């Protein structure tokens, strides 16, 4: 059995309909996009000669963004007693839950804090999407 077979559901990959988002303990339905990334500083260390002797590791960083509908942002503001989204620290749980399967994959983004919030609409838009980039403590 191939390693990839362990993560396929009836021979298919996870899809958008399988994603669930829990935002600070609340299940969110009005999100349109989720992305997250873990990175680490790395630097080639040289000594005698031209070739790299080793790769040195530095700080790790977790970044990402959530894109919400305007109504979901409004609901979050009401639930947080009108506090600015920039003042919130939340744990985000992204779960990939395929219908009719027990193969659930969960990622926990600990201590996320939003860095920007910009609201805008253009002529012809049918609804507003608001992207909130974030920094986080770690990805589990």
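Details
- Qualifying positions in the stretch 8-64 - assigned to a strand (DSSP E or B), within 30 Å of residue 128 (Cα to Cα) and without any contact (Cβ under 8 Å) to a residue 24 or more places away in the chain: 27
- The residues on offer are 127, 68, 134, and the sole one that is part of a loop (DSSP other than H, G, I, E, B) and either out of contact with any strand residue (DSSP E or B) (no Cβ under 6 Å at 6 or more places or on another chain) or modelled with pLDDT of 95 or more (or both) is 127.
- The stretch 85-100, residues that are exposed (fewer than 14 other Cβ atoms within 10 Å of the Cβ), in contact (Cβ under 8 Å) with a residue 24 or more places away in the chain and not in a strand (DSSP E or B): 86, 99
- Test for residue 110: is it within 30 Å of residue 12 (Cα to Cα), touching a helix residue (DSSP H, G or I) at 6+ places or on another chain (Cβ under 9 Å) and either part of a loop (DSSP other than H, G, I, E, B) or modelled with pLDDT of 95 or more (or both): no
Residues checked against (1) surrounded by 11 or more Cβ atoms within 10 Å (Cβ to Cβ); (2) in contact with a strand residue (DSSP E or B) (Cβ under 8 Å, 6 or more places away or on another chain); (3) at pLDDT below 95:
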residue: 2; (1), (2), (3): no, no, yes
residue: 27; (1), (2), (3): no, yes, yes
residue: 36; (1), (2), (3): yes, yes, no
residue: 49; (1), (2), (3): no, no, no
residue: 55; (1), (2), (3): no, yes, no
residue: 61; (1), (2), (3): yes, yes, no
residue: 75; (1), (2), (3): yes, no, yes
residue: 81; (1), (2), (3): no, no, yes
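- The stretch 73-84: number of residues that are without any contact (Cβ under 8 Å) to a residue 24 or more places away in the chain and either within 11 Å of residue 23 (Cα to Cα) or under 16 Å from the mean Cα position of the chain (by Cα) (or both): 0
The values are calculated or read from the model by the stated rules, or taken from the named source; none is laboratory data. Note that the coordinates shown come from a computational prediction; the quantities given were computed from them, not determined experimentally. Because the Cβ atoms are built from the backbone with ideal geometry, glycine has one as well, and the counts that use them run over all protein chains shown.
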